[in-house]
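Here is the structure we will look at, set down as structure tokens.
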Amino acid sequence: MVELLVSVAAAITGVAFLLALYRFLKGPSVADRVVAFDVMTIVGITAIVLVAYLEGRGIYLDVALVYALLSFLGVIVVARYIERGF
């Protein structure tokens, strides 16, 4: 039963990544693209956590945490850049 739920979560994660990728490529504004990129990083973190669960390796959770922190800092930097104008 747990394996079925993990498979469903992986499928939903894949669909979410594809939808965010579409918005990233098609987004009419820079803000849309930044939000889509942030969503893609969150989906990537989710994928790392799912792999960590499937493999039974806790070290991957540390990788996901570092990736989340770097993603947060990246979004803050881009938001400051957009706020000041191009």
Return the pairs, sorted by first residue and then second, in which the second residue is modelled with pLDDT of 95 or more and surrounded by 15 or more Cβ atoms within 10 Å (Cβ to Cβ), the first residue lies in the stretch 1-22 and is under 14 Å from V49 (Cα atoms) and hydroxyl-bearing (S, T, Y), the beta carbons are less than 6 Å apart, and the residues are 6+ apart or on different chains. T13/V43; T13/T46; T13/A47
What number of residues within the stretch 16-37 satisfy the criterion of being under 17 Å from V75 (Cα atoms) and part of a helix (DSSP H, G or I)? 12
When G56 is evaluated against the numbered criteria (1) at pLDDT 95 or above; (2) closer than 25 Å to L4 by Cα, which criterion, by number, is the only one it fails? (1)
Taking interchain pairs and intrachain pairs at least six residues apart, which have beta carbon atoms under 9 angstrom, with the first residue in the stretch 26-50 and touching a residue at least 60 places away in the same chain (Cβ under 8 Å) and farther than 17 Å from R80 by Cβ and the second crowded, with 18+ Cβ neighbours inside 10 Å and of a type outside the set (D, E, K, R)? none
If you scan the stretch 54-65, which residues turn out to be more than 13 Å from the chain's Cα centre (by Cα) and either free of Cβ contacts under 8 Å to residues at least 12 places away in the same chain or exposed (fewer than 15 other Cβ atoms within 10 Å of the Cβ) (or both)? L54, E55, G56, R57, G58, I59, L61, D62
Inspect all residues belonging to the stretch 34-50 and state whether any of them is more than 22 Å from A9 (Cα to Cα) and either over 14 Å from the mean Cα position of the chain (by Cα) or modelled with pLDDT of 95 or more (or both). no
Test each condition in (1) touching a Gly at 6+ places or on another chain (Cβ under 8 Å); (2) surrounded by fewer than 12 Cβ atoms within 10 Å (Cβ to Cβ) for L25 and report the one that comes out false. (1)
Suppose the filter is farther than 24 Å from Y81 by Cα and assigned to a helix (DSSP H, G or I); does T13 pass it? yes
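The values are calculated or read from the model by the stated rules, or taken from the named source; none is laboratory data. It should be emphasised that the depicted structure is a prediction, and the values quoted were computed from it without experimental measurement. Cβ coordinates were reconstructed from backbone atoms using ideal geometry, including for glycine residues, and neighbour counts include every protein chain displayed.
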